[in-house]
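Student: Before I ask anything, here is the structure I am working with.
The values are calculated or read from the model by the stated rules, or taken from the named source; none is laboratory data. In this text the structure is predicted, and so the values were computed from the model without any measurement. All Cβ positions, glycine included, derive from the backbone under ideal geometry; neighbour counts span all protein chains shown. Quick note on the areas: whole protein, heavy atoms, side chains included, nothing else; ligands and nucleic acids left out. Shrake-Rupley method; radii C 1.70, N 1.55, O 1.52, S 1.80 Å.
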Amino acid sequence: MTKTAKSKDVVRARGTWGNHFEFILSSMGYAVGLGNVWRFPYMVFDNGGGAFLIPYFLMLILAAIPVMFLEVSFGQFSSLGCISCWKISPLFKGVGVAMAVVSSYFCLYYNLIIAYTIRYMVVSFKNPLPWTGCNNTWNTPNCYTTVSLSQDNLTQEDVQLSTYNPGTPNTSFSEVNHSSLDSGPRRIRASEEYWKFGVLNVSEGLNDIGSIQWPLLVSFLCAWILVYLCIIKGVKSSGKVVYFTATFPYFVLVVLFIRGVTLTGAMKGILFFLTPDFEKLLSANVWKAAATQVFFSYGAGWGGIHTLSSYNKFSSNTLRDTLLISMSCALTSIFSGVVIFSIIGFMAHDSNQDIQDVIAAGPGLAFVAYPEAVSRIFVPQLWSFLFFFMLLTVGIDSQFVTLETLITAFIDELESKFPGKVRRWKSWIILLVCTLMFLVGLPFVTQGGTYVMTLFNWYSAGFTPLLLALIELLVISYAYGVDNFLKDVESMLGFGLSMYWKVCWMFVTPVIIVGIMIFSFIDYTPAVNGIYTFPPWAEAIGWTLTLSSLLYVIGYAAFYLATSEGTLLERFKKSITPTKEWGPANNIDRINAGYAPLPGQKDEMETEAIQFEEAPPTYKETTFIDVSVNTTEDLNV
């Protein structure tokens, strides 16, 4: 009778989580980010309210969760980052490179949002809060605010309009015909003016990039320093940071929820959030927005999930983890939406406007509606600081995980070429990357920086992750073989999977992604920032961003085929076949999964005697290729 070798965790040089709870928290922090507190309410606001929730949950169940489960299992099984894990099919290694490039784009503009939160944290100590008045140098004649910040039942007489000149006494609402709010230039709340003109000092458009905004520059620098400190020791440090950053936001959200639902008009906003406008479902843009949102929020197609799970124990339950993380993310999105729309409902009631008109839609939604709420809580400076500190903690863990994705991917690659010589310099590599990212990101802190950020977000975070996830699904399902992959996953779980996952990976999810991309092109609209529409040359730059990452997929495949030996058909067959190194990192796990052990492992835990009383194990019948002298390992990415 054969004894089965028990998998023992080998402390590899690349590091592992201190415990599995750190992985769960890190994954939740990665998935539950500003995409939930900032982007999700914005997407709902911009896509017809509750109608957006229908395609959102369909995309979640049929697309995002299947891809997330595949990527969690993919990274954990191989114990490698998003580039090196493509030993499963070397021809498509460029997919991993493209994921790393997309993550680098994300890091650039996402840290700008973190810089915004730092800026708001600093000014939260001012009394009064700078977004509660209209007598500041940045205010316009269209600014208005409220006199009483402690009463919920505000009347029209409570609303005041201000003049542009600071220090000029406000004109009472009773002295101004109420119809002036419904005609002429749109009245703008003080909180929105502070965001647009006090913080951003926004220019007319992308053609006017303007000057650097020094307060934002300092905040941007602080954001990068925080990210560096969080990941300086890899998962050993980031795994401890998330104990706070992944849990604290819920405390503040609960407090804001309690305050939000007690405001007059809150129910009007919540109903707008939950009531579907079925006509909106006829627009392909709504479905594209839902698919993009779930991929954006869950990080599917970005490479971050591969990275986080690659530090797991081989026997971790990836199915349980996927469902736990995805459901937490979805519920947080809805809860955040209820909180912010309760506040928007109050703002609409307060100004006697429709929900759609109360503020200009855009990424600044969280920096207009939420500040309006905290200004109405007792000791507003305290709650303002706590709220923006919460935003900081929400964003920072998503940011450092994404940066860790980029760094892990390339360090894993370099370590394969120079074993034991690269990983010890990781802290210096992180410092170099953060410094370069800061310098490249300087255009984001100019007067036109918000337009640059929108361009990056619109093009680098929309189409590309969808296509990369599609390629990943097709390669694993058809090139490697979905049955082979199911056996790999079952070797980790210890139990079989239902047909649901096979059907989704092979048919349902790819069809959904292809359909969304086709209809997106049919119903294509250029990027916008509020009411600003980007000119054609800006669109060209945006599509260049998209193609710049996708070219790695095509370019690498062409290079690999061109430099391999044999006929074109022979090269192609070899290129889609797993290398001999593909499989679990540790030999005990490889044996249990049915793979041949790798030579040269010297870890004492792995070289313990494994006695087989009748026969040696039967290894998986998979043809492997040896690329040790091939150009796959020689390409300097």
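Student: Can you work out D for region 66-130 in µm² s⁻¹ from Stokes-Einstein, where Rh is the Kirkwood radius over C-alpha pairs, the temperature is 4 °C and the viscosity is 1.567 mPa s?
Tutor: On the way: Rh = 14.8 Å.
D, rounded to a whole number, is 88 µm²/s.
Student: Stokes-Einstein diffusion coefficient for region 420-556 at 4 °C in a medium of 1.567 mPa s, Rh from the Kirkwood formula over Cα pairs: what value in µm²/s?
Tutor: Numbers: Rh = 18.6 Å.
The diffusion coefficient I find is 70 µm²/s.
Student: Can you pull the accessible area of Thr509 for me, 1.4 Å probe, Å² to the nearest 10?
Tutor: For Thr509, solvent-accessible area is about 0 Å².
Student: Project the alpha carbons of region 216-313 onto their principal axes and report the range along each, largest first, in whole Å.
Tutor: 49, 36, 35
Student: Still on this model: How big is the gap, in Å, between the Cα center of region 272-351 and the Cα center of region 68-96?
Tutor: A separation of 24 Å, based on Cα centres.
Student: Moving on to the next point. Rounded to the nearest 0.05, what FRET efficiency is calculated for Ile225 and Ile554 with R0 set to 41 Å and r the Cβ-Cβ distance?
Tutor: The value I calculate is 0.65.
Student: Based on the alpha carbons, how large is the Rg to Rh ratio for region 423-466 when Rh follows Kirkwood? Could you put the intermediate results ahead of the total?
Tutor: Values: Rg = 14.1 Å, Rh = 12.3 Å.
With Rg and the Kirkwood Rh in hand, the quotient comes to 1.15.
Student: A further question follows. Tally up the carbon and sulfur contribution to the accessible surface of region 22-147 as a whole percent, 1.4 Å probe, everything protein left in place. Mind showing how you got there, number by number?
Tutor: On the way: 1570 of 2350 Å².
Reported share for carbon and sulfur atoms: 67 percent.
Student: Whenever you get a sec, compute what percent of the accessible area on region 367-425 sits on carbon and sulfur atoms (1.4 Å probe).
Tutor: Details: 1370 of 1800 Å².
Carbon plus sulfur share of accessible area: 76 percent.
Student: Taking the Cβ-Cβ separation of Asn352 and Tyr500 as r and a Förster radius of 60 Å, what is the calculated FRET efficiency to the nearest 0.05? Show your work: numbers first, answer last.
Tutor: Working: r = 50 Å, r/R0 = 0.83.
Efficiency, from the Cβ-Cβ distance: 0.75.
Student: Could you provide, to the nearest whole Å², the per residue accessible area of region 269-380 with probe 1.4 Å?
Tutor: Value for region 269-380: 29 Å² per residue.
Student: Next up: Hey, which of these cross-link pairs are over 27 Å Cα-Cα: Lys421/Lys580; Lys93/Lys502; Lys313/Lys487; Lys288/Lys313; Lys280/Lys502; Lys93/Lys313?
Tutor: On the way: Lys421/Lys580 23 Å; Lys93/Lys502 23 Å; Lys313/Lys487 18 Å; Lys288/Lys313 35 Å; Lys280/Lys502 32 Å; Lys93/Lys313 24 Å.
In this structure, Lys288/Lys313; Lys280/Lys502 exceed 27 Å between Cα atoms.
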